[in-house]
Amino acid sequence: MNYVILGAGPAGVTAAETLRAADPQASITLIGGEPEPPYSRMALPYLIYGKIDEGGTYLRQDETHYDQQRIRYLNGRCGGIDSSSKRLYLSGGEVLPYDKLLIATGANPIMPPIPGAHLEGVETCWTLEDARHILKLAEKGSPVVLVGAGFIGSIILEALYLRGCDITVVELAPRMVARMMDETAGGMLGRWCESKGVKVLTNTKVNSIASGADGEPRLSVGFSNGQSAPADLVVMAVGVRSNTGFLVGSGVQVNTGIVVDDYLQTTAPDIYAAGDCCEGVDLSTGKPDMLAIQPVAVEHGRIAALNMAGYSHRHRGSLNMNVLDTIGLISSSFGLWQGAQVGQTGKLVDEGGYKYMKLEFEGDKLVGAQCVGMTDHVGMLRGLIQTGFHMGEWKGKLLASPERLREAYISVAQGHPSTGPTAPHVNTPRAGLGVAAGSGH
């Protein structure tokens with residue numbers, strides 16, 4: 001069997017290793033789109049603030065790992081796929097035949113149409129090359145404008161803060177991390193950042209970026225509120241979109257991301273998809289969605305590979321979850337953190353102490369949660385939501401006192417010694433650092 005995997009992020013690497021374990025005699029080709037060993041995008045902030053070197057970003061530390069696994073690793077970008085003849089065309093001219101193909105091309109950062117957005121000193125933080133550029137400009141005391149305070153932006157924020165930069169954050173939404181936290185939690189994060197000396201501008205957009213005057217920082221950034229700020233560096237973190245443009249004419253259906261069935265197979269025969277580029281099932285809603293977090297990419301890669309190798313392994317859905325460290329304040333959200341259409345909510349709020357817990361119930365099941373400044377409950381929340389246990393009498397107790405979650409977890413878990421049947425498993429290393437994904441090709 002000849003397997004080809006397009007994309008060498010967490011999904012692609014996990015898939016290659018799973019295929020090798022499941023099909024020892026197969027030919028496996030892994031294609032990465034950058035002149036680097038396969039690495040984790042979510043490790044880049046650690047590189048920026050000096051916790052690791054470039055080698056620390058690599059998904060596998062042994063440089064002979066892929067040779068030992070008999071996985072052929074190529075550098076190249078896809079120019080098109082002919083699904084009828086089962087051929088993949090690389091932009092350099094190489095043509096690769098395949099028996100089964102996995103698309104794990106991840107996503108690319110969005111560059112908003114702002115005048116001056118392509119000036120020198122305006123960067124995204126998505127590739128190792130981006131990180132190298134940022135390291136040259138983000139000196140201690142350097143003025144930096146960070147555009148976007150979502151999940152990725154907030155991770156970059158911490159790295160820049162630890163480098164000692166003078167940071168202004170600009171966010172179009174009315175609060176930080178608006179796609180993972182409500183007004184109370186997002187407001188806490190904003191106030192926390194301001195208490196650390198970070199300037200946070202919400203309900204604000206960047207109107208322009210211009211070259212600075214002689215003797216001044218290299219850039220001047222104009223905001224919709226009429227203010228402006230100098231910057232040696234502007235980092236764009238306004239979102240990503242799935243990397244699927246090369247699929248035109250391939251027979252692979254694309255909506256927001258690649259359409260897949262419950263076995264992660266696309267609409268083209270013998271072509272599968274995994275990670276940020278595809279619309280996997282959200283466990284909480286039962287509907288296809290883009291869950292661009294690294295554990296989901298790894299899960300997709302493993303499941304897709306097992307099905308490519310002949311197993312019948314249904315993807316039952318992934319839990320939407322985010323865990324974020326923002327200058328020392330830990331926040332998290334899980335599942336239906338916005339609440340169910342017909343449900344009940346329990347809250348614990350300590351504004352002065354930067355502590356918050358919000359539990360969302362549907363019937364007597366815990367279906368969503370948010371936490372700020374409370375780290376002991378992360379695993380318990382994930383477990384209760386993912387397993388869908390009935391909370392019984394503990395629902396009422398938690399609505400009144402969310403801080404009793406540990407008691408509830410122990411009580412409920414003891415009544416469920418097993419979470420149900422387990423799927424076929426192939427032992428493969430878990431890929432990457434952090435919780436968000438980004439598995440570009």
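Brief remarks follow.
- When the range 92-116 is limited to residues that are of a type in the set (Gly, Ala, Ser) and at pLDDT below 95, the one that is nearest to residue 77 (Cα to Cα) turns out to be 92.
- Just so you know, in the range 130-187 the residues that are under 20 Å from residue 50 (Cβ atoms) and among the charged types (D, E, K, R) include one that is surrounded by the fewest Cβ atoms within 10 Å (Cβ to Cβ), and it is 140.
- Out of 352, 392, sole residue that is touching a residue at least 12 places away in the same chain (Cβ under 8 Å) and not aliphatic (A, V, I, L, M): 392
- Residue count, the range 287-309 (criterion: free of Cβ contacts under 8 Å to residues at least 40 places away in the same chain and farther than 19 Å from residue 255 by Cβ): 1
- Residues that are surrounded by 18 or more Cβ atoms within 10 Å (Cβ to Cβ) and under 23 Å from the mean Cα position of the chain (by Cα) occur at least once in the range 216-234.
- Subset of the range 328-345 (residues that are in contact with a Cys (Cβ under 9 Å, 6 or more places away or on another chain) and crowded, with 17+ Cβ neighbours inside 10 Å): 329, 331, 332, 333, 334
- Residue 138 vs. criteria farther than 14 Å from residue 7 by Cα, in contact (Cβ under 8 Å) with a residue 40 or more places away in the chain and in the same structural domain as residue 230 (by TED's automatic domain parsing): yes
Conditions (1) in contact with a Leu (Cβ under 9 Å, 6 or more places away or on another chain); (2) over 16 Å from residue 128 (Cα atoms); (3) surrounded by fewer than 17 Cβ atoms within 10 Å (Cβ to Cβ); (4) of a type in the set (A, V, I, L, M, F, W, C), marked per residue:
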| site | (1), (2), (3), (4) |
| --- | --- |
| 8 | yes, no, no, yes |
| 13 | yes, yes, no, yes |
| 18 | yes, yes, no, no |
| 27 | no, yes, yes, no |
| 40 | yes, no, no, no |
| 62 | no, yes, yes, no |
| 92 | no, yes, yes, no |
| 102 | yes, yes, no, yes |
| 106 | no, no, no, no |
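- For the range 383-420, residues that are under 23 Å from residue 350 (Cβ atoms) and surrounded by fewer than 18 Cβ atoms within 10 Å (Cβ to Cβ) total 9.
- In the range 47-84, the qualifying residues are those that are under 12 Å from residue 16 (Cβ atoms) and in contact (Cβ under 8 Å) with a residue 60 or more places away in the chain, and the one that is farthest from the chain's Cα centre (by Cα) is 73.
- Residue within the range 95-102 that is touching a Cys at 6+ places or on another chain (Cβ under 8 Å) and not hydrophobic (A, V, I, L, M, F, W, C) present: no
- Evaluation of residue 356 against (1) surrounded by fewer than 21 Cβ atoms within 10 Å (Cβ to Cβ); (2) of a type in the set (Ser, Thr, Tyr); (3) in contact with a helix residue (DSSP H, G or I) (Cβ under 7 Å, 6 or more places away or on another chain) (one fails), failing number: (1)
- Note on the range 273-322: among residues that are closer than 19 Å to residue 7 by Cβ and of a type in the set (Val, Ile, Thr), the one that is nearest to the chain's Cα centre (by Cα) is 293.
The values are calculated or read from the model by the stated rules, or taken from the named source; none is laboratory data. Note that the structure is predicted; figures quoted are calculated from it, not measured. Quick reminder, even Gly has a Cβ in these numbers, built from the backbone with ideal geometry, and neighbours come from all protein chains shown.
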